[in-house]
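Structure record follows, encoded as structure tokens.
The values are calculated or read from the model by the stated rules, or taken from the named source; none is laboratory data. Please read all numbers here as calculations on a predicted model, not as lab measurements. Cβ atoms come from the backbone with ideal geometry, glycine included; neighbour counts cover every protein chain shown.
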Amino acid sequence: MDIPPIGEVKAPAPAVVRAASLLRPGRALDLACGMGRHAIWLHKQGWSVTAVDRNREAIEWIRGGYPSIDAQVADLEQEPFALEGEAWGLVVCWLYF
């Protein structure tokens with residue numbers, strides 16, 4: 001997988017932007033985040049973001065450019081992923097089949 005330089009991530013999906021724009025920034029969870037296009041956009045909007053993906057290289061890239069995003073490696077199909085007991089203001093799971 002070619003990892004683009006920081007700042008060259010695709011724009012967030014318009015539906016995610018619309019939904020998040022209706023909410024006050026809080027805690028957001030981006031499952032199967034890939035390169036983090038939604039996690040990064042949410043972070044820039046003031047959300048406290050946890051981003052999860054099985055691609056270690058992508059997660060390391062997010063960590064390197066956005067250390068305040070809680071980026072975690074987890075394969076959601078192969079291993080359990082425990083969520084904290086706290087509530088999430090927004091959960092994004094975009095294009096994950």
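Are any of the residues in the range 6-28 under 18 Å from V73 (Cα atoms) and modelled with pLDDT under 95?
No; the residues of the range 6-28 include none that is under 18 Å from V73 (Cα atoms) and modelled with pLDDT under 95.
Report every pair of residues separated by at least 6 positions or lying on different chains whose Cβ atoms are under 7 Å apart, first residue within the range 9-20 and free of Cβ contacts under 8 Å to residues at least 40 places away in the same chain, second in a helix (DSSP H, G or I) and β-branched (V, I, T).
Pairs found: V9/I40.
In the range 50-62, how many residues are farther than 12 Å from V91 by Cα, out of contact with any Gly (no Cβ under 9 Å at 6 or more places or on another chain) and surrounded by 19 or more Cβ atoms within 10 Å (Cβ to Cβ)?
Within the range 50-62, residues that are farther than 12 Å from V91 by Cα, out of contact with any Gly (no Cβ under 9 Å at 6 or more places or on another chain) and surrounded by 19 or more Cβ atoms within 10 Å (Cβ to Cβ) number 0.
Quick check on my filter: what residues within the range 56-97 are part of a helix (DSSP H, G or I) and closer than 19 Å to H43 by Cα?
A58, I59, E60, W61, I62, R63, G64, G65, listed by residue number.
Here's the yes/no breakdown for (1) in contact with a Leu (Cβ under 8 Å, 6 or more places away or on another chain); (2) crowded, with 17+ Cβ neighbours inside 10 Å; (3) under 15 Å from V91 (Cβ atoms); (4) aromatic (F, W, Y):
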residue: A11; (1), (2), (3), (4): no, no, no, no
residue: L22; (1), (2), (3), (4): no, no, yes, no
residue: A32; (1), (2), (3), (4): yes, yes, yes, no
residue: M35; (1), (2), (3), (4): no, yes, no, no
residue: S48; (1), (2), (3), (4): no, no, yes, no
residue: Y66; (1), (2), (3), (4): no, yes, no, yes
residue: L76; (1), (2), (3), (4): yes, no, yes, no
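Quick one: which of A82, A71 is of a type in the set (A, V, I, L, M) and more than 19 Å from V16 (Cβ to Cβ)?
Exactly one of A82, A71 is of a type in the set (A, V, I, L, M) and more than 19 Å from V16 (Cβ to Cβ), namely A82.
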